[in-house]
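Have a look at the structure below before the remarks.
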Amino acid sequence: MYTIKILIIDSDINFCETLKSILNEEKFIADYVHDGANGIRKLINKNYDIVTMDLVLPDMDSLEVVKYLRDKGNTIPILILSAEKEKESIITALDAGADDYLGKPFHTGELLARLRALHRRNTSYILKEDVVSFADITLNLSKIELSSREKKEYLTQKEFQLIKLFMYNPYRVLRKDMLISKIWPFDDDVCYNTLEAHIASLRKKMKQLDSRARIVTIRGIGYKMEA
């Protein structure tokens, strides 16, 4: 059985020790570092399946770490663990390339469920080279990349799942509860704000591509993609 390897990046030594102990009890392998520079070094030199990261790091903004990894084409799932729970902070983290966000303090069971879900989704993306197109945008299913003309945007795992649903169902209204059940099937506590944050992040990336395709809000119901 494959053992999931996790890197914890957090300045709080006690938190790192506690989280490592919890993960080891659940048969995960966990390492930790206390700053962004060492986190990047570890991720470059060793193979990890998931990284958890606090928003506040002593040497750099954690979002710089996220952006650095994504700019280098590193698609490792990133789970932000932070006491910051403002919606704007969640949107900023997701825009930077994080895959999920969980506020401190958290329930251990929820953390473990999210980690396993991230790992399942990540390993399911070993796909053949294939593309899906709508209007002037193309989704590369193996590279998890959205493009239009000469521009490209890398996607987080949840963004990838969302845009794929929209592109397979153009002009069809997709209900919010359906989208949540598809993207977060094991996370009962996911709320509409979380979905909205991911939609906002996708819209921003589509705007960066100068795409005429749009994700339109259908008030009180959900969203649809049109051009």
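The values are calculated or read from the model by the stated rules, or taken from the named source; none is laboratory data. In this text the structure is predicted, and so the values were computed from the model without any measurement. Quick reminder, even Gly has a Cβ in these numbers, built from the backbone with ideal geometry, and neighbours come from all protein chains shown. To get the accessible areas, we keep the full protein, side chains included, count just its heavy atoms, and leave off ligands, DNA and RNA. Shrake-Rupley method; radii C 1.70, N 1.55, O 1.52, S 1.80 Å.
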Trypsin sites (Lys or Arg not before Pro) in the range 150-227 lying in a DSSP loop, each with at most 10 other Cβ atoms within 10 Å of its Cβ, come to ARG219
Probe 1.4 Å, all chains present, heavy atoms only: TYR171 accessible area in Å², nearest 10, is 120 Å²
Percent of accessible area on the chain owned by carbon and sulfur, 1.4 Å probe? 49 percent
Hey, which aspartates and glutamates would be in cross-link range of LYS5, C-alpha to C-alpha under 12 Å, not counting anything within fewer than 8 residues on its own chain? GLU26, ASP31, ASP49
Cut-off of 10 Å, at most 14 other beta carbons, DSSP loop: longest stretch of the chain lacking such GluC sites (Glu not before Pro): 151-227
Of LYS143/LYS204; LYS46/LYS164; LYS46/LYS158; LYS104/LYS143; LYS20/LYS176; LYS87/LYS158, pairs whose Cα-Cα distance is over 28 Å: LYS46/LYS164; LYS104/LYS143; LYS20/LYS176
Only loop residues by DSSP count here, and only those with at most 10 other Cβ atoms within 10 Å; note down the trypsin sites (Lys or Arg not before Pro) in the range 1-54 that meet that. LYS27, LYS46
Calculate how steeply helix 108-123 sits against the longest principal axis of the alpha-carbon atoms of the chain, using the helix alpha-carbon long axis, and give the answer as 0 to 90 degrees to the nearest 10. 60 degrees
Just from its helices, what would the mean residue ellipticity at 222 nm be for the chain, if runs of 4 or more DSSP H residues each count -39500 (n - 2.57) and the sum is divided by every residue, rounded to the nearest 500 deg cm²/dmol? -13000 deg cm²/dmol
Principal-axis tilt of helix 62-71 within the chain, Cα atoms, nearest 10 degrees: 60 degrees
Nearest-ten-degree value, helix 87-96 long axis tilted from longest Cα axis of the chain: 80 degrees
Which parts of the range 190-227 would a label at LYS164 reach, counting a residue when its backbone N lies under 17 Å from a point 7 Å out along Cα-to-Cβ? 199, 202
Can you tell me the relative contact order of the chain? Whole percent, Cα pairs under 8 Å, sequence separation 6 or more. 14 percent
